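Each remark here refers to the structure printed beneath this line.
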Amino acid sequence: MVQNPDKEELIDKAYQLLNTLNEVYAGLPADQALVSDREVQTEIQRLSQSIDSQAKPVAKWYQFAPLRYGMAASIVVMLGVFWQYATHPFSVKKGNVTYDDLVAQVSKPLLEVTNTTSTSRLINLPDGSTIALKPKGRISYPDGFPGTIREVYLVGEAFFEVHKDPAKPFYVYANGLVTKVLGTSFSVQTFETNRQVKVMVRTGKVSVFAGNQATVTQQKEDYKLGGIVLTPNQQIVFSPTDTRIIKSLVAQPALLEKPAQKQPFSFKRTPIAEVFATLEKAYGIRIVFDEEVMKACYLTASLEDEPLFEKLDLICNTINARYEQLDAHIIINSKGCESL
């Protein structure tokens, strides 16, 4: 759904068909089952051979198969493709993943903290990580984090500072979005009105993906960051209604933490490539431009306390260029500076 949003209608139709079949077969007595386990296994093999065969189209195979085998093959196809959705129906139903749904699925005991105050509440986790839980937020986690992963469940907004432990990844579940980290600081915010989730990274890296505990179970032995990877000053907004993840820059990119030295933003007839390289290093944000076209562009300016986007406005106004955001990158458009 994330990679192929244009298939949403097809998946919805298939899900409804599978549900209907499930209801029909669930109402049948065991001795009236239309297809035995052995027949299903036979049809899986026949179907696999049919798909792999280029000489025989699939449609012709169905024409010669007995009706009951055709039915079995059809059911096998749908069960094979949509098994995960059938076993975890809330991951298909739009906007139906809630904090209570997630917590109810956990078999081990959880500790829950609710912030009923008007200020942030600091929570110290057993692994050394901390959570600043905003007002009206709730969070649940297992005592002591047993097992090979650390998992917490959130509704509301919280800022996480995760103790680094590459051998034991840290997962945050919120409204159908999973955030996976090895050790970093970031914010997660859920919105009750439209059920969107926003993840903003301050330091380190995180990865995000739509899913649930079943998705994470497949990755328990994977200590790498997959999915959509976010770095400092990047964010994503996830909408469970259409399972879409939008990646962008945060509203106010912050300077990366450096040793006690002031960032040098004073330029005197400095080549624009060096200016952009300085900004990239200071904010950790990729700036894309045509170095050949802009080779005659130079900047003389003192940029100190302005936010990043104000710095870019001043630079682009000076060299007659413009910028835009694309996938958490800054894209500079310019026709060059020969005529300036």
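Would you kindly give the portion of the calculated P(r) for segment 115-171 that falls above 19 Å, as a percent of all Cα pairs? Intermediate results must be reported in sequence, preceding the final value.
Working: 416 of 1596 pairs.
Distances greater than 19 Å cover 26 percent of the Cα pairs.
Among DSSP bridges having both ends in segment 274-340, what percentage is antiparallel? Round to the nearest 5.
75 percent
Which FRET efficiency value, to the nearest 0.05, do you get for I44 and S107 by plugging their Cβ-Cβ distance into 1/(1 + (r/R0)^6) with R0 = 25 Å?
FRET efficiency, I44 to S107: 0.20.
Please give the peptides 154-160, 130-136 ranked by average Cβ packing (other Cβ atoms within 10 Å per residue), highest first, as a rough proxy for protection.
Numbers: 154-160: 22.1, 130-136: 17.3.
Peptide ranking by packing, descending: 154-160, 130-136.
Given H placed 1.01 Å from N in the peptide plane, which residues other than close sequence neighbours of G137 have an amide H under 5 Å from its amide H?
Close amide H contacts, sequence-distant or interchain: N115, E157.
Can you list residues from other chains, or at least 5 along the same chain, whose modelled amide H is less than 5 Å from the amide H of C297?
Here the answer is I272, C337, since their amide H atoms fall under 5 Å of that of C297.
Would you mind calculating the gained length between R286 and E324 on full extension (0.36 nm times residue separation, minus the Cα-Cα distance), in nm to one decimal?
12.5 nm
Got a sec to turn the phi values of segment 315-329 into Karplus ³J(HN,Hα) couplings, 6.51 cos²θ - 1.76 cosθ + 1.60 with θ = phi - 60°, whole Hz, x for Gly and Pro?
Karplus values, whole Hz, x for Gly and Pro: 5, 5, 5, 6, 9, 6, 10, 9, 9, 8, 9, 8, 6, 6, 10.
With a Förster radius of 25 Å, plug the Cβ-Cβ distance of T114 and H163 into 1/(1 + (r/R0)^6) and report the FRET value to the nearest 0.05.
Working: r = 23 Å, r/R0 = 0.93.
Step by step, r from the Cβ atoms, then E = 0.60.
Got a sec to turn the phi values of segment 112-127 into Karplus ³J(HN,Hα) couplings, 6.51 cos²θ - 1.76 cosθ + 1.60 with θ = phi - 60°, whole Hz, x for Gly and Pro?
10, 10, 10, 9, 9, 8, 9, 10, 5, 10, 8, 10, 9, 7, x, 8
Out of all Cα-Cα pairs in segment 279-330, roughly what percent, to the nearest whole number, are more than 19 Å apart?
26 percent
Go through segment 160-172 residue by residue and turn each phi into a ³J(HN,Hα) via Karplus (6.51, -1.76, 1.60, θ = phi - 60°); whole Hz please, and just put x for glycine and proline.
10, 10, 8, 5, 5, 7, x, 7, 9, x, 10, 10, 10
Using DSSP to define loop residues, name the GluC sites (Glu not before Pro) in segment 232-297 whose beta-carbon has at most 16 other beta-carbon atoms within 10 Å.
E257, E291, E292
My understanding is that a pair violates if its Cα-Cα distance is over 22 Å; which of K311/K335; K281/K335; K180/K247; K7/K198; K281/K311 do that in this structure?
On the way: K311/K335 20 Å; K281/K335 25 Å; K180/K247 16 Å; K7/K198 24 Å; K281/K311 14 Å.
Exceeds cut-off: K281/K335; K7/K198.
Taking the highest mean first, how do the peptides 318-326, 175-183 order by number of other beta carbon atoms within 10 angstrom per residue? Walk me through the numbers on the way to the answer.
Details: 318-326: 14.7, 175-183: 23.3.
Those peptides, ordered most packed to least, come out 175-183, 318-326.
Output needed for segment 225-340: three equivalent-ellipsoid semi-axes, defined as square roots of 5 times the C-alpha gyration tensor eigenvalues, in descending order, whole Å.
Details: eigenvalues 156, 66, 26 Å².
The three semi-axes for segment 225-340 are 28, 18, 11 Å.
What residues qualify as long-range amide H neighbours of T203, i.e. H under 5 Å apart, gap of 5 or more or another chain, H built at 1.01 Å from N?
S185
Bear in mind these aren't lab numbers, they're just calculated from the coordinates by the rules spelled out. Because the structure is predicted, anything quoted here is derived from the model rather than measured. Because the Cβ atoms are built from the backbone with ideal geometry, glycine has one as well, and the counts that use them run over all protein chains shown.
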